1. If I filter segment 96-106 for residues that are touching a Leu at 6+ places or on another chain (Cβ under 7 Å) and farther than 19 Å from Asn493 by Cα, do I get at least one hit?
2. In segment 269-288, what count of residues is obtained for those that are of a type outside the set (Phe, Trp, Tyr), open to solvent by 20 Å² or more (accessible area, probe 1.4 Å) and in contact (Cβ under 8 Å) with a residue 24 or more places away in the chain?
3. Do we find that Leu438 is open to solvent by 10 Å² or more (accessible area, probe 1.4 Å), touching a Lys or Arg at 6+ places or on another chain (Cβ under 6 Å) and more than 24 Å from Gly172 (Cβ to Cβ) in this structure?
4. Please go through (1) in a loop (DSSP other than H, G, I, E, B); (2) within 31 Å of the chain's Cα centre (by Cα); (3) surrounded by 18 or more Cβ atoms within 10 Å (Cβ to Cβ); (4) among the charged types (D, E, K, R) for Asp483 and return the number of the only condition it doesn't satisfy.
5. Considering only residues of segment 413-458 that are outside any loop (DSSP other than H, G, I, E, B) and of a type in the set (A, V, I, L, M, F, W, C), which is nearest to Thr56 (Cα to Cα)?
6. Please return the ranges of strands (runs of 3 or more DSSP E) entirely within segment 610-692 where 3 or more residues are touching a His at 6+ places or on another chain (Cβ under 8 Å) and among the β-branched types (Val, Ile, Thr).
7. Among the residues of segment 173-193, what is the count of those that are under 23 Å from Phe266 (Cβ atoms), open to solvent by 10 Å² or more (accessible area, probe 1.4 Å) and not hydrophobic (A, V, I, L, M, F, W, C)?
Amino acid sequence: MPTRSRAQLRSRALLLLCVCLALVSSLPASSINAATIQSTIDNTVVEFSRGTFQRTALGSLQNTAASPKDLPGAVQLGPLGLLKTWTTLGFPLKKPLYKMGTTAIGNRLYVVGGITPVGNSSQPVAEVWSAPVSQANGQFLEDWRAELALKPFKGANRVGFDGLIAEVNSAGVTSVSTGGGAGYIYVIGGAIRTSATSTETFSSYTVRIGVVGANGVISDWLEGPAVPTSVAGDPTQQLGVQSAAVQAITIGGNNYIYVIGGLRRFLAGVGAQARYVDEGLKTVFYAKVSGNGQLVKPSNGAAGWDQLADLPVPGDYPTGLWDGVAMADHFTLPNGTQTDALFLVGGQTVPGSQPVFSSAIYRATFAASGALTWDGTWQGTLPQTLAGFGGVPYRGTLYATGGLPDGKNEPDRGVLTSYVEDDQRLHLFNGDLPPGVLGGGSHFLKSPGTLPAPRVFHGTALVPGDGTTTTSGFVYVIGGRGDTTDGDPGDNNGATEVFLGKIGGSEDVSTNGYAYDALYFSKPYDIDITGASLQKIYWATSIDRITANPDIELAIRRSPGAGCANAVWTDWQPIKALESDAAHQSADGLNTSSALNLAARCFQYRVYLKTDSYRITPSLLNLSIDVVVPGSPDLKFKNVGALKGSGDVLLGLDILIENVNTFEQTLAADVEQRGSFFVDVCIFGPGEQVGSLTLPLSNQNQGCSDAYADINRSIMGVNAVYPVKRWLASTGLNSNKSVDILSFFKTPGTYTIIASVDSYNNINEGTLGGEDNNVSQTVTFNVGKVGYALSLPITRR
């Protein structure tokens, strides 16, 4: 039956089958009864976004010349991070604010308290606002809405300072997410007034806990255990802190809150000798978040805080550190494990009429208990002193915005960046810096004139991208105070604007370039089939070695006996491309590993990207693997017969096919390739001689087939059962067109049918017997007459 559509399908299937058989033939003899699955692990932006980034970034590169099946999406070295293109968003704050707290839970931004201008003066507020943003483009999805305002709580023990006050500014604000948009917001300390009408402020010890539901709404403000700072020699007086560096981090499945340093303002003396005193703090406290959001001591579970070692800030009383930024995150080591580190950056150290500002960067590591230890062997430095700025960490990179540089009274428009190296310390920028960029000899780069307007005491928050674009995160600069000398008085006492910078979308890579090295870890790939082995790895790259010497070093690890949920990993194994030269691990274009034959039920890869020029990045375009899986599909008949009604009426054929292998492990019918296969049926009417059906059929030898069905392979998964209902004519003028199977049974009498599944041997069913059971038994039945099931119209009266 030389029919074009069936012949074309047959030839395509044979071509794919020959490719797969060629792959199988290259395996050892013990793997003959096996399927070779080529799976693309990562090829698109969305697929790459599932992995773990350490100084790496997503790219949109597509190179079909290097890899014909390449799609837009790649992994490259992370940009140096100077977010150059900032936009002003369309939903400003409802009132000017500065010295407020900001945080994000999920895709929702929160702004808490702060100072706003009222007439010719300013006053603190208790208001809380929130707004959701798109994780695809960073834009606001809705305008700001008012949340439940802060509740009034006592801020000190001293008489005259123990009133119930809600309004607060300069509080430390952080949050913990519990999933699905829910979580807790922590508002710690801050500056409050002695009464609702007073203009004098002092440092509060109050801890407020906002309960956030899955809809992002704050349903309540709880009072947490007070911050246990103390006035020397008089523990009954004010016990507060303001402008502290506050940070939340998850360690070992537990959430912890840290209060680091800060400024303490209190009333000293009595009567005519009474005066307000400002002093810096070096104290460090931490608490564990309990199941209801409350704070308990990690040491014993009682309500409260545990104290840790002081900040290593030099100088005696009243020296401390405040208005700096703590940035803590999880960082991935080259061996794939994660570690946690905190960087405390900048700030003010000495109060008074001759203040001192800091350019130091302190580093701390975390123990499994959540306790942090300051690194006594390393200290970083900023390009200049800086205080009153904002900062966020993301994927091994630190970002800082605005602030007061060089001890000045006015802010600038600067944006700073650094990245964390494999030893968990910040990169030291030396040598060739991009034009117009500060930071030579320091651990941060600075672009001086980047924000749309100068800002200090503003909010800075980060919302991760959703993985659908190359923009991996969004940085928001919210409100703040502007430059009071720039001729624009509109932001002198607080601003309403919200600025947006995009990570992986607003970096000026042509000027600023990329990190010199970076790591990317794929999401573990679950093979989870007994006896599976990793055969080969294919990866496509874009590597420009004309003006630089970049490379991509691939390594893999496996869990031989357990799936990804319970993986027991091997050590990382380097993989060198057959196409590469002696000096490199990867070549530009297509790369192929040697035959590996490694047991694997779970697989993960790591790439180490590196360059000797910050202007050139290598890119990983896609990665695929060949996995050899023991077993095969086994298509056969579960039932072949006549579907009868009363009175010996034939209603159709009752043909069920199944994929159940009793010789070896059952694999899905599409395990090696997509496409379809055929079920054929021979029908012998009354008085006709019954023939036989010998497989395989071909376009030149179609046997006795009268009708056939075209079955998609994907239907026949492991142990699948499928009823064959739709038939096509095998011969005649209507060949390859839909046919009513009952049209072959017009004459009453005895009929015999024989059926075959996978008639053309499109599917490799192994060598143990799967190819020998594709023909059904001969089935004979009597037909009195043919009947049709009718669907009658519904009549309405």
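1. Looking through segment 96-106, at least one residue is touching a Leu at 6+ places or on another chain (Cβ under 7 Å) and farther than 19 Å from Asn493 by Cα.
2. Qualifying residue count, segment 269-288: 4.
3. yes
4. Condition (2) is where Asp483 drops out.
5. Val420
6. In segment 610-692, no matching strands (runs of 3 or more DSSP E) lie anywhere.
7. The qualifying residues number 1.
Rundown of residues vs (1) open to solvent by less than 20 Å² (accessible area, probe 1.4 Å); (2) under 16 Å from Leu445 (Cβ atoms), yes/no style:
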residue: Thr365; (1), (2): no, no
residue: Leu372; (1), (2): yes, no
residue: Leu398; (1), (2): yes, yes
residue: Leu404; (1), (2): yes, no
residue: Lys408; (1), (2): no, no
residue: Val415; (1), (2): yes, yes
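The values are calculated or read from the model by the stated rules, or taken from the named source; none is laboratory data. Because the structure is predicted, anything quoted here is derived from the model rather than measured. Heads up, the Cβs are rebuilt from the backbone with ideal geometry, glycines too, and the neighbour counts pull from every protein chain shown. Remember, those area values only see protein heavy atoms, side chains included, never the ligands or the DNA or RNA. Shrake-Rupley method; radii C 1.70, N 1.55, O 1.52, S 1.80 Å.
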